1. Does the range 159-168 contain any residue that is more than 30 Å from Gly70 (Cβ to Cβ) and open to solvent by 20 Å² or more (accessible area, probe 1.4 Å)?
2. In the range 178-223, which residue that is in contact with a Pro (Cβ under 7 Å, 6 or more places away or on another chain) and closer than 16 Å to Ser115 by Cα is most open to solvent (accessible area, probe 1.4 Å)?
3. Of all residues in the range 92-128 being open to solvent by 10 Å² or more (accessible area, probe 1.4 Å) and acidic (Asp, Glu), which is nearest to the chain's Cα centre (by Cα)?
4. Suppose we keep only residues that are basic (Lys, Arg) and under 18 Å from the mean Cα position of the chain (by Cα) within the range 44-81. Which one would you say is most open to solvent (accessible area, probe 1.4 Å)?
5. Out of everything in the range 129-146 that is aliphatic (A, V, I, L, M) and modelled with pLDDT under 95, what residue ends up being least open to solvent (accessible area, probe 1.4 Å)?
6. Out of Phe131, Phe84, I need the residue that is part of a loop (DSSP other than H, G, I, E, B) and within 15 Å of the chain's Cα centre (by Cα). Which one?
7. Please work out if Glu195 is free of Cβ contacts under 8 Å to residues at least 60 places away in the same chain and not in a loop (DSSP other than H, G, I, E, B).
8. Restricting attention to the range 4-19, does a residue exist that is part of a helix (DSSP H, G or I) and out of contact with any His (no Cβ under 6 Å at 6 or more places or on another chain)?
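The values are calculated or read from the model by the stated rules, or taken from the named source; none is laboratory data. Only a predicted model underlies this, so the values are computations on that prediction, with no experimental measurement involved. No Cβ is skipped: glycine too gets one built from the backbone with ideal geometry, and neighbour counts run over all protein chains shown. Note: accessible area is taken over every heavy atom of the protein model, side chains too, but ligands, DNA and RNA are not part of it. Shrake-Rupley method; radii C 1.70, N 1.55, O 1.52, S 1.80 Å.
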Amino acid sequence: MTARVAIYDMDRTVTVHGTYTPFLLRTSLRLAPWRLIFAPLVPLVLIAYVLKLISRSRSKELNQALMLGGRVPRARLMPAVENFADHVISDNIRAGALEQIARDKADGYRLVMASASYRLYVEPIARRLGFDDVIATDHMGQELDYVRAKIAGDNCYDVAKLRMIEAWMKKQGIERGDSHIRAYSDHVSDAPLLEFADQPTAANPHAPLAQLAKVRGWTIAHW
């Protein structure tokens, strides 16, 4: 039997706005408001990444350390994470994305959220949206009772995202030749995933992805 899998990017594909910086700011405000004094440093870390002085993964680690701390007790953090997920669901989800998710579910597709954002908060958002599985950037020490500002393995982005999806499929016993994959993303960094899919959709694409989608003949959707 053919396995049906629908893979969604999260930020600006399913959501209207990105979630990473709002997560840091909102969670910092709840847990340690005094850390907001470090907020002006966050754009400087981003500039260092743009100038290729640090990696994308390292920029995420540094910003988390600034805004949340190097180690945060999981029991203290998770209520704030759940609160943030509620906020995203109430104020930051595209109506068209909800409609497509419902169609894929009705068509018998296994719903997978694949995001460069942290699994820590992607999972509660995905759970609220009815997704079956999450592939995302992990923190080191998932089994620990605290969350470190350190990424385990790859940042789930670009070609690394596709590698993580392929590893997940292998673990789930899903053969590529025996599966039908729908994929949705707003960003050209997900071109490897869209090339991999049977039905690629550039959803709410920024200009580079919109241009690539026209060349490749991919569906373009505005949710």
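1. For the range 159-168, residues more than 30 Å from Gly70 (Cβ to Cβ) and open to solvent by 20 Å² or more (accessible area, probe 1.4 Å): present.
2. Val188
3. Checking each candidate, the answer is Glu123.
4. Checked the range 44-81; the qualifying residue most open to solvent (accessible area, probe 1.4 Å) is Arg58.
5. The extreme case among them is Leu144.
6. Phe131
7. yes
8. Checked against the condition, which is being part of a helix (DSSP H, G or I) and out of contact with any His (no Cβ under 6 Å at 6 or more places or on another chain), the range 4-19 yields no hits at all.
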